[in-house]
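Worksheet: the structure to be examined is printed underneath.
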Amino acid sequence: MGSGATGGCFWITSAGAKHVVTVVTKGIRMKLSICAYSFHRMIGNKEQDIFKYITDCKALGCTHLHPWYGQFADAPSYEALDSLGSDPSKCDVPEWAQPPQDDGYLREFGRAALDAGLPVECLAVDRAHIYEPDIAQREINRRLAERWVDIAGIIGAEMVRIDAGGPAEMPADVLTTIVGGYHRLISRAADRGVRVIFENHWGPTRHPENVVRLLETVEGLGYLFDSNNWAEGRQEEGWRRCARFADATHITTVEFDEAGNEKTADLPEAIRLLVESGYDGCWGIESCTRDEDELRSVRMSIELLRWSLERLAVS
């Protein structure tokens, strides 16, 4: 890997290609988004609505937005919203968390995002996954996913994350159902200028071979690379095998040490693999720490990401 500087930007040369690393220091500007789940305490405690999310992201130096479906819910309490986000594999969506039907309200959010200069990179959706063993529930999920795809188009999102669902093993019959479901969603999304992506999140996609299998089977399906969310003992294998497919990222922080390093994973290594694989998309952060000061945790996550990229730019 070689590096140099041109016109105030560092260039990283990897695998024969040049990539601009845009960081907010040393005259460089990084493409940055913060998955709104990072603020779920603030959202649940009514300290941040979808419009405050825009201004908070602007103040933190973001270039894009990465909203989470729970932001659009009218949660009765933080505890209720926390329960909604704690297990994305569940199917029960309470009435207060159903997809919003007021398109005017959604367009207002989209306009506010554009007015702030923060296009919507990705809308992250839970509990609308493709596969469920019960056919009736699968149909409910299909309708939910279709509405969220429509919402992504209304707010101007480039991508929408819909999980695959299913058991960890992903047998042939489950794969067939998932493939068919994604084909239908991808077609619907394309008509709305949106790309459907999935994440290594839960169930089969925590296993690297299943991530690769889906991407090689479903034409047009995109991939959100999460640095966390891998089956036990398979995290670094997942990084190595799947970084090359990334269309978006969650650089996930769980616990910091006193020096500001992530204690649970070697995130600079994950970032290095993404850069060397040619990733040039938005650097998305998902802060999942126990710190009740979510803004502080997000700032620390940004600093760790920035440091990792700067280290690569001058190595």
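The values are calculated or read from the model by the stated rules, or taken from the named source; none is laboratory data. Owing to the predicted nature of the structure, the values given are computational and were not obtained by experimental measurement. As a convention, Cβ positions derive from the backbone with ideal geometry for all residues, glycine included, and neighbour counts pool all protein chains shown.
Just a few scattered comments:
- Odd one out for ALA116, checked against (1) within 25 Å of ARG41 (Cα to Cα); (2) surrounded by fewer than 17 Cβ atoms within 10 Å (Cβ to Cβ); (3) free of Cβ contacts under 8 Å to residues at least 60 places away in the same chain: (3)
- Subset tally (residues that are in a loop (DSSP other than H, G, I, E, B), of a type in the set (D, E, K, R) and buried (at least 16 other Cβ atoms within 10 Å of the Cβ)) for segment 218-242: 0
- Among the residues making up segment 192-217, a single one is touching a Leu at 6+ places or on another chain (Cβ under 9 Å), part of a helix (DSSP H, G or I) and among the charged types (D, E, K, R): ARG213.
- Residues of segment 103-162 satisfying the condition of being of a type in the set (A, V, I, L, M) and assigned to a loop (DSSP other than H, G, I, E, B): ALA116, LEU118, VAL125, ALA128, ILE130, ALA157, ILE162
- Members of segment 104-141 that are among the charged types (D, E, K, R), within 17 Å of TRP68 (Cα to Cα) and more than 16 Å from the chain's Cα centre (by Cα): ARG107, GLU108
- Taking segment 250-307 as the range and being assigned to a loop (DSSP other than H, G, I, E, B) and crowded, with 22+ Cβ neighbours inside 10 Å as the test, only CYS282 passes.
- Matching entry among THR13, THR55, THR63, THR22 (being modelled with pLDDT of 95 or more and more than 18 Å from the chain's Cα centre (by Cα)): THR55
- The single residue among ARG311, ARG241, ARG290 that is closer than 21 Å to ASP163 by Cα, in contact (Cβ under 8 Å) with a residue 24 or more places away in the chain and basic (Lys, Arg) turns out to be ARG241.
- Matching residues in segment 33-86 - criterion: being of a type in the set (A, V, I, L, M) and either surrounded by fewer than 24 Cβ atoms within 10 Å (Cβ to Cβ) or assigned to a helix (DSSP H, G or I) (or both): ALA36, MET42, ILE43, ILE50, ILE54, ALA59, LEU60, ALA73, ALA75, ALA80, LEU81, LEU84
- Checklist (1) over 18 Å from the mean Cα position of the chain (by Cα); (2) crowded, with 23+ Cβ neighbours inside 10 Å; (3) of a type in the set (A, V, I, L, M) applied to ALA145, failing item: (1)
- Test for PHE245: is it crowded, with 16+ Cβ neighbours inside 10 Å, in contact with a strand residue (DSSP E or B) (Cβ under 7 Å, 6 or more places away or on another chain) and closer than 30 Å to ARG143 by Cβ: yes
- Considering segment 163-176, the residues that are in a helix (DSSP H, G or I) and of a type outside the set (A, V, I, L, M, F, W, C) include one that is surrounded by the fewest Cβ atoms within 10 Å (Cβ to Cβ), namely ASP173.
Here's the yes/no breakdown for (1) on the phi > 0 side of the Ramachandran plot; (2) modelled with pLDDT of 95 or more; (3) in contact with a helix residue (DSSP H, G or I) (Cβ under 9 Å, 6 or more places away or on another chain):
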position	(1), (2), (3)
PHE198	no, yes, yes
TRP202	no, yes, no
ALA265	no, yes, yes
ASP280	no, no, no
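- Any hit, segment 225-232, residues being at positive phi and in contact with an Asp or Glu (Cβ under 9 Å, 6 or more places away or on another chain): yes
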